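Trainee: I'd like to ask some things about the structure below.
The values are calculated or read from the model by the stated rules, or taken from the named source; none is laboratory data. Values in this document were obtained by computation on a predicted structure and should not be read as measured data. Note: ideal-geometry Cβ built from the backbone for every residue, glycine included; neighbour counts use all protein chains shown.
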Amino acid sequence: MSVVDDAELTLKERALGLLLELSEQLAKAKNKSERDVAWIQIQAPKSLTVLAQAWAEHEDSMRSRLDSIELMPGSSVRARSLRKALTRMAREHRSTEAADRILESLGTVASALTMLPPARVVSPNILASCNVPRGWVLGDDGIYKLRPDGEESIRVTHYPILLTGRTTDVLSGEARRQVLWNSPSGWCQKTIERQTLVEARKITGLGKHDAPISSNNAAMVVKFLMDFEAENAEQLPMVQSTEKLGWLPDGDFILPEKRVVPPGVGAYPFTLAPPAGMEHVSRACEVAGTWEGWLEAAEVAKDSPIAMGVLYASAAAPLLKVLKASNFIVDVNGGTTGGKTTSLRFAASVWGRSNDGRPSMLHSWDMTKVWCEQTASFLNNLPVILDDTKRAKSWRTVRDVVYDFAFGSGRGRGAKDGGTRNTLEWNSILISSGESAITSFSQDGGTRARVLGLRGQPMGTNPKVGSETAEKLTELCSENYGHLGRRVIDYLVANHDHHDDIVEQFKVSRDRFRNALDTPVSRRHASNLAVLEVAAEIIHALGVPRPRRSPFAFLVASAQEAGKDSDRPLAALQEVVSWAAANQTHFVGRGERLPMGGYRQPQYGWAGTWAADNWEYLGVNGRVLRRILKDEDFHPAEILDRWKERGWLLTGTQLTRPIRLPGGVQMRCYCITPAAVAAAMAERERDLKL
Ligand SMILES: Nc1ncnc2c1ncn2[C@@H]1O[C@H](COP(=O)(O)OP(=O)(O)OP(=O)(O)O)[C@@H](O)[C@H]1O
Ligand SMILES: [Mg+2]
């Protein structure tokens, strides 16, 4: 039997045996034709296969044996061409073997991993039906890329990472993928934009969530996940998702824990994918305690018109969309320790947690405008609740947030998705609190028509009763929350076909309020009051105890107030001019004359200058002016800008002018024109006649 077929021998022994036979025959050969016979034998396909396989695995020993053959007389050319042929065949052999291995590596994810993610994270069915893509190995210790040349495979990650689902955004149609990975802190699953998944630069961002990705392996991970997606296109479940809470175009409503669908309609897979930074807002909107426990809180609060006002506003937020009504702001303002924060907690408890700190539906004004836009956009049709304007970083933040909120859209961040501008939008109610009226931060008349200011002490003026009520309410709301909001949504979704009736009720109510209000600005609040009234009817029908006296008398009076001073710059001017008129002796030019000549210096110094006749301006000292404005809840900087715009100030390079006082001292004054003073007086006289 030839050495080629000897099954007792190893591959290497058989191959070396063949070469040995060849060299023996060549040594024995007496002429060229005998040498040719020896070479023809070794080139038999069977022999060549054995040689090539052995070459692939034991190249060194094979090569040295062939080298010695090459040195034999008349053999060098043939030995060299055999060496070439074997090298090529060995390479081919290696790659077929690798291809076989690559095919073998196809197995399911469930069979590849011994440590499987828990069923609450991902359904075992998905793991059992998804395959590890060709060319890759997946194991508990990470993913490996197989190399077709048979070289050792390359380790890509130290932990497994894979896709578990595909989602599309119901609103934007944007594609997202659910990515699952293991890490030292356990299994984690996130829904991310597909765009993030396909770009190495973006996917490294998952590193901060402990995903096994860094800038070193990102490109390979992207490749693996793309292969995974292609291999498992059929198996990966398709789920609808959204980035926002609130109404869907089909009349369903998204809450963090579920998609609320009309009764009788089967729920289908759905996932909420809060944008980065909004996860805690989503977590705050949850249910705890009991409905009965929360009703006790409502029982405690029901006779406070302010607490009920904010309760209606909180429950009314999702109604705006149904009623096609505009955004508005409910602002609780008044002195400290009156129960403002407590009443906002009560409003927050309609939807979820109302504690201080995160996560909570009650937020502090100590935030940025961008954060507020993002939160408003995420909450979408749920109320945004911001406590205590005093904590805002700047009065400008308050002014801008009020303005932007009222108009229902933010400017959006550009960078997302490489340049497409995502405008942030919402249709909702902002509930705010602060010591001074939120309208005092903006001198813009337009926002006044959108801010319903509820001024007073929400927990009443009796300190003992007030503090007890506040404490009881806080305690009950911290244990029982989230119930009323769910009931309102269930009601609205279930009555989708009756929304027209709700709209009719709203219109009737709005017309009634219009008739009850008389100034143009306050009449614009009729719609806001009607929204609150519709919400009140719904929640009382759902079982919330009715107050002994309707809070609407108070709410109407509050709307009436809003109309009073809608021209803030003018109202501020009136304050200053009336003060000057009542305190004329404080002005140089109108001071009290002393018997021996000269003027009596006023007790607190000169307030400015105001010539007795033919005066060119009323000059008011900056310190005095600011004090008058602040006392009346105006923002001096804003007011002065508006005055300047309206040409009410004589200005030079600065807003103030230097004025020489008796005795030669200089003082800087804001100089109001006679026309402005006359306008202020005329308005005041008209007001008084009214
Ligand atoms: N109307 C009230 N009369 C007396 N005490 C009250 C009243 N309202 C609240 N309190 C007491 O003040 C505490 C704080 O209440 P809360 O935080 O709601 O007041 P606030 O108006 O937000 O005050 P601040 O201006 O400090 O923010 C309550 O726990 C309660 O003890
Ligand atoms: Mg407070």
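Trainee: Looking for something surrounded by 19 or more Cβ atoms within 10 Å (Cβ to Cβ), under 24 Å from the mean Cα position of the chain (by Cα), at pLDDT 90 or above and more than 16 Å from ligand 2 (Cβ to nearest atom) - is there at least one such residue anywhere in region 328-346?
Mentor: Yes - at least one qualifying residue is present in region 328-346.
Trainee: Same structure again: Can you give me the number of residues within region 335-377 that are in a loop (DSSP other than H, G, I, E, B), among the small types (G, A, S), within 15 Å of ligand 1 (Cβ to nearest atom) and under 27 Å from F407 (Cβ atoms)?
Mentor: Result for region 335-377: 1.
Trainee: Let me ask another. Anything in region 128-175 that is farther than 14 Å from M226 by Cα and among the β-branched types (V, I, T)? List them, or say none.
Mentor: V137, I154, V156, T157, T167, T168, V170
Trainee: Just name the residue that is surrounded by the most Cβ atoms within 10 Å (Cβ to Cβ) out of those in region 353-388 that are hydrophobic (A, V, I, L, M, F, W, C) and more than 16 Å from ligand 2 (Cβ to nearest atom).
Mentor: Result: L382.
Trainee: Taking K324, is it under 15 Å from I429 (Cα atoms), at pLDDT 90 or above, basic (K, R) and surrounded by fewer than 16 Cβ atoms within 10 Å (Cβ to Cβ)?
Mentor: Judged against the criteria, K324 is a match.
Trainee: Further, regarding this structure: Look at E468 and say whether it is acidic (D, E), assigned to a helix (DSSP H, G or I) and under 18 Å from V310 (Cα atoms).
Mentor: No: the conditions fail for E468.
Trainee: If the requirement is being outside any strand (DSSP E or B), without any contact (Cβ under 8 Å) to a residue 60 or more places away in the chain and among the basic types (K, R), which of these qualifies: R627, R642, R657?
Mentor: On inspection, the qualifying residue turns out to be R627.
Trainee: Look at D511 and say whether it is over 35 Å from the mean Cα position of the chain (by Cα) and part of a helix (DSSP H, G or I).
Mentor: So D511 passes the test.
Quick grid of which residues meet (1) of a type in the set (D, E, K, R); (2) surrounded by 19 or more Cβ atoms within 10 Å (Cβ to Cβ); (3) within 15 Å of ligand 2 (Cβ to nearest atom); (4) more than 27 Å from F407 (Cα to Cα):
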{"position": "E435", "(1), (2), (3), (4)": "yes, no, yes, no"}
{"position": "I438", "(1), (2), (3), (4)": "no, yes, yes, no"}
{"position": "F441", "(1), (2), (3), (4)": "no, yes, no, no"}
{"position": "T461", "(1), (2), (3), (4)": "no, no, no, yes"}
{"position": "C477", "(1), (2), (3), (4)": "no, yes, yes, yes"}
{"position": "I489", "(1), (2), (3), (4)": "no, yes, no, no"}
{"position": "A494", "(1), (2), (3), (4)": "no, no, no, yes"}
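Trainee: Just to be sure I understand the filter: pairs with C-beta atoms under 8 Å, separated by 6 or more residues or on different chains, first member in region 341-360 and farther than 17 Å from A536 by Cα, second member assigned to a loop (DSSP other than H, G, I, E, B) and among the basic types (K, R). Which pairs pass?
Mentor: Going by the 8 Å Cβ cut-off, the qualifying pairs are P359/R353; S360/R353.
For every residue, the table says whether it meets (1) surrounded by 18 or more Cβ atoms within 10 Å (Cβ to Cβ); (2) modelled with pLDDT of 85 or more; (3) outside the structural domain of I213 (by TED's automatic domain parsing); (4) among the charged types (D, E, K, R).
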{"residue": "E229", "(1), (2), (3), (4)": "yes, yes, no, yes"}
{"residue": "P237", "(1), (2), (3), (4)": "no, no, no, no"}
{"residue": "I254", "(1), (2), (3), (4)": "yes, yes, yes, no"}
{"residue": "R259", "(1), (2), (3), (4)": "yes, yes, yes, yes"}
{"residue": "P269", "(1), (2), (3), (4)": "no, no, yes, no"}
{"residue": "E292", "(1), (2), (3), (4)": "no, yes, yes, yes"}
